[in-house]
Amino acid sequence: MTRILVIAEHDGQHVQQSTARCLNCAVQIEAAGADVVVFAAADSTAAVEASKLSGVKRVLLVAQKEKAGSLAAVLAPQIVALAADYDCILAPSTTFGRDLLPRVAALLGLAQVTDIMAVIGPRSFKRPIYAGNAIVTVEVPEGQQVIGTVRSASFKPVGNGAEAPIEPVSVSAALPTHTRFIELQSGSSDRPDLQSAKIVLSGGRGLGSADNFKQLYALADRMGAAVGASRAAVDAGFVPNEMQVGQTGKIIAPDFYLAFGISGAIQHLTGIKDAGTIVAINKDAEAPIFEVADIGLVGDLFEAIKEISEQLR
Amino acid sequence: MHKIIVCLKRVVDYNVRIRVKPDGSGVITEGLKMSINPFDEIALEEALRIREQGAVDEIIAVSIGPDDCQQQLRTALAMGADRAILVQTGTELEPLGAARSLLKIVEREQPELVLLGKQAIDDDCSQTGQMLAALWGRPQATFASKVEIRDQSVRVTREVDAGLEVIEVDLPAVITTDLRLNEPRYVKLPDIMKAKKKPIETLPLESLGADTAVKLRTLRHETPAPRGKGIMVKDVAELIGALRERGLSA
């Protein structure tokens, strides 16, 4: 049996969906499931949420002193202290996991498999290279612990179903003080999270201005959708960077992805190719986005936004 | 600060679309245009800007790879790095091996800051900076979009999924750079001429004494499966019909 430890990602109170996706990968490696470690304040609800996810055998709750609990330099030595009991340590391949897990792997003297997109066997995995233009299968030799980050877009989140015990654990590790959390600046929004939304509406340079994006927000609110953007729209200052979809932004896999005025640069397409249905609306019939779109409409995007809004009434 | 080390990887240029070898043994890179990994170029640009603020004396560009990496190091010197070190090897290192090798250079040079890209655009691993910081026992500030040098520390704004995270790390530290940190300068002809006089030190990988043994087995490469051919609709009514057929319930 493969003993797996999944490192939970949470925002202080809630477990991120990336954790549920990571668990799906864990269950494919070992059907019996995995332990999940939650580093959080003692009163956080994150551990309780994690304990309900299907495939969780046990939640290890390692109490953290402060909100600064997501700093890689602080978490890594604590994970290393837990590592000896496991054959495989997984974290989501989000900015959280990508920051943290290589630090853990190096402290353990191990190689890491980044962006696991498919499980071939308990020790062999597929991962994308060259911005997804090639897929490589790698194998971790027998006797080596598997350390991997899991590409969220490649795995559906597990649902609730377990009632795993929560075990408070104390680890003895010297924690550094050389890294300090100052603040998180986030454009807080009531809309669904880009990485977990079933429907995503996305705007490109064709939207023309920050003001015009409001039309997309209004349609998104009507549809219960999240809103994303191309790098061009972010660089033009129409929207904040956390809305960027693509290789250098967020890689997402919604059921429906509607791209308005996005031409479809390779780096953008890398971020959406696991979406269920891709819709492209663009006035340029030659735009590369149409090559990957399941449904394409050549036309004015503002007219389209208006009409979709009316016809969904 | 006395020194910043910038780590540069030679990669297939980002404008080139690579192809997988027919036998699946790798990716065809022969004859392709090679460049400095774009994220590393941003790291170098940031180092140059820090020097222009008067906050550092010397910038050292370091690369690991074959002799051909000298081309990219020459570009770095033309951009403004003071000297360069090439760790020579004909074999491709994993991030851990690269980090262990870089640590040897860091121990020798004792920089206050190491800057490198958040990932290389060939293997897309996004590990080397974090691994170097871990092995060095120093802080890491990954995915940086703003870097403010203070007296004994540096304040870094990081591009994270939830927005922008600001952290403060004591020096020495490792910073990995994200796309929006800066726009690298163009190299001017006189700078290319001047760069020819700047020194590139070459060190055989073996001389560093770092453990660079490969730990993962690469079984095969393949081309990703293309998405099925889509349909074109003529108007929004048809679009919504097609979406409903596919289960859109909004």
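The values are calculated or read from the model by the stated rules, or taken from the named source; none is laboratory data. For clarity, every value in this text was computed on a predicted model and none was experimentally measured. Positions of Cβ are backbone-derived with ideal geometry, glycine not excepted, and every protein chain shown enters the neighbour counts. Areas reflect the complete protein model, heavy atoms only, side chains present, ligands, DNA and RNA absent. Shrake-Rupley method; radii C 1.70, N 1.55, O 1.52, S 1.80 Å.
Every residue, every condition in (1) closer than 23 Å to A:S93 by Cα; (2) surrounded by fewer than 20 Cβ atoms within 10 Å (Cβ to Cβ), yes or no:
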position	(1), (2)
A:D221	no, yes
A:S230	yes, no
A:A236	no, yes
A:E242	yes, no
A:Q247	yes, no
A:D255	yes, yes
A:A265	yes, yes
A:F290	no, no
- Out of A:G276, A:G208, report the one residue that is more than 8 Å from chain B (Cβ to nearest Cβ) and either out of contact with any His (no Cβ under 8 Å at 6 or more places or on another chain) or closer than 26 Å to B:P224 by Cα (or both). A:G208
- Check every one of the strands (runs of 3 or more DSSP E) wholly within region B:161-250 and list those with 2 or more residues that are open to solvent by 30 Å² or more (accessible area, probe 1.4 Å) and more than 7 Å from chain A (Cβ to nearest Cβ). B:200-204
- All-but-one check, B:T176 against (1) closer than 30 Å to B:E222 by Cβ; (2) free of Cβ contacts under 8 Å to residues at least 60 places away in the same chain, failing number (2)
- Item | Total residues in region B:149-160, condition open to solvent by 30 Å² or more (accessible area, probe 1.4 Å) and over 13 Å from A:F181 (Cβ atoms) | 4
- Selection from region B:88-111 of residues that are open to solvent by 30 Å² or more (accessible area, probe 1.4 Å) and in a helix (DSSP H, G or I): B:R100, B:K104, B:E107, B:R108
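Out of the residues in region B:133-160 meeting the condition of being under 17 Å from the mean Cα position of the chain (by Cα) and among the small types (G, A, S), tell me which one is farthest from the other protein chains (Cβ to nearest Cβ).
B:A144
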- Looking at B:A133, B:A144, which is the one that is modelled with pLDDT of 95 or more, touching a Leu at 6+ places or on another chain (Cβ under 8 Å) and not in a loop (DSSP other than H, G, I, E, B)? B:A144
- Task: Looking for whichever is over 21 Å from B:G163 (Cα atoms), small (G, A, S) and assigned by TED's automatic domain parsing to the domain that holds A:I278 here; the options are A:A218, A:A225. Which one fits?
- Result: A:A218
- Note on the structure: So the strands (runs of 3 or more DSSP E) completely within region A:145-188 holding 1 or more residues that are open to solvent by less than 40 Å² (accessible area, probe 1.4 Å) are A:146-150, A:179-185
- Message: Considering only region B:33-49, I want to know if a residue exists there that is in a strand (DSSP E or B), open to solvent by 40 Å² or more (accessible area, probe 1.4 Å) and in contact with a Pro (Cβ under 9 Å, 6 or more places away or on another chain).
- Response: no
- Those residues of region B:226-244 which are in contact with a strand residue (DSSP E or B) (Cβ under 9 Å, 6 or more places away or on another chain) and either closer than 30 Å to B:I105 by Cα or of a type in the set (G, A, S) (or both) amount to B:G230, B:G241, B:A242
- Item | Matching entry among B:A225, B:A213, B:A242, B:A237 (being small (G, A, S) and touching a Ser or Thr at 6+ places or on another chain (Cβ under 9 Å)) | B:A242
- Check whether at least one residue in region A:219-237 is in contact with a Phe, Trp or Tyr (Cβ under 7 Å, 6 or more places away or on another chain) and either within 12 Å of chain B (Cβ to nearest Cβ) or in a helix (DSSP H, G or I) (or both), and report yes or no. no
- Message: So, in region A:1-43, how many residues would count as being within 14 Å of chain B (Cβ to nearest Cβ) and open to solvent by 30 Å² or more (accessible area, probe 1.4 Å)?
- Response: 6
- Out of B:E46, B:E94, sole residue that is within 13 Å of chain A (Cβ to nearest Cβ), of a type in the set (D, E) and in contact (Cβ under 8 Å) with a residue 60 or more places away in the chain: B:E94
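What tally of residues in region A:121-133 results from selecting those that are outside any loop (DSSP other than H, G, I, E, B) and either in contact with a strand residue (DSSP E or B) (Cβ under 6 Å, 6 or more places away or on another chain) or facing chain B (nearest Cβ under 7 Å) (or both)? Can you show your working first?
First pass over region A:121-133, keeping only residues outside any loop (DSSP other than H, G, I, E, B): A:121, A:124-132.
Of the ones still in play, those that are also either in contact with a strand residue (DSSP E or B) (Cβ under 6 Å, 6 or more places away or on another chain) or facing chain B (nearest Cβ under 7 Å) (or both) are A:124-132.
Matching residues across region A:121-133 total 9.
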- Item | All positions within region A:193-246 that are touching a residue at least 40 places away in the same chain (Cβ under 8 Å) and farther than 19 Å from A:A280 by Cβ | A:D193, A:Q195, A:S196, A:A218, A:R222, A:P240, A:E242
- Message: What's the number of the only condition in (1) within 23 Å of A:I147 (Cβ to Cβ); (2) open to solvent by 50 Å² or more (accessible area, probe 1.4 Å) that B:V114 fails to meet?
- Response: (2)
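Considering only region A:135-143, I want to know if a residue exists there that is touching a Pro at 6+ places or on another chain (Cβ under 7 Å), facing another protein chain (nearest Cβ under 10 Å) and surrounded by fewer than 22 Cβ atoms within 10 Å (Cβ to Cβ).
yes
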- Identify all residues within region A:74-108 that are hydrophobic (A, V, I, L, M, F, W, C), within 13 Å of chain B (Cβ to nearest Cβ) and surrounded by fewer than 24 Cβ atoms within 10 Å (Cβ to Cβ); write none if there are none. A:V74, A:V80, A:L107, A:L108
- Here the residues within region B:4-24 that are more than 14 Å from A:I129 (Cβ to Cβ) and either open to solvent by less than 40 Å² (accessible area, probe 1.4 Å) or among the small types (G, A, S) (or both) are B:I4, B:I5, B:V6, B:C7, B:L8, B:D13
- Across region A:44-73, which residue is most open to solvent (accessible area, probe 1.4 Å) among those that are more than 20 Å from A:E163 (Cβ to Cβ) and more than 14 Å from chain B (Cβ to nearest Cβ)? A:K65
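One line per residue, one yes/no per condition, for (1) touching a strand residue (DSSP E or B) at 6+ places or on another chain (Cβ under 8 Å); (2) of a type in the set (A, V, I, L, M):
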{"site": "B:T75", "(1), (2)": "yes, no"}
{"site": "B:L116", "(1), (2)": "yes, yes"}
{"site": "B:D151", "(1), (2)": "no, no"}
{"site": "B:V156", "(1), (2)": "yes, yes"}
{"site": "B:P172", "(1), (2)": "yes, no"}
{"site": "B:L181", "(1), (2)": "yes, yes"}
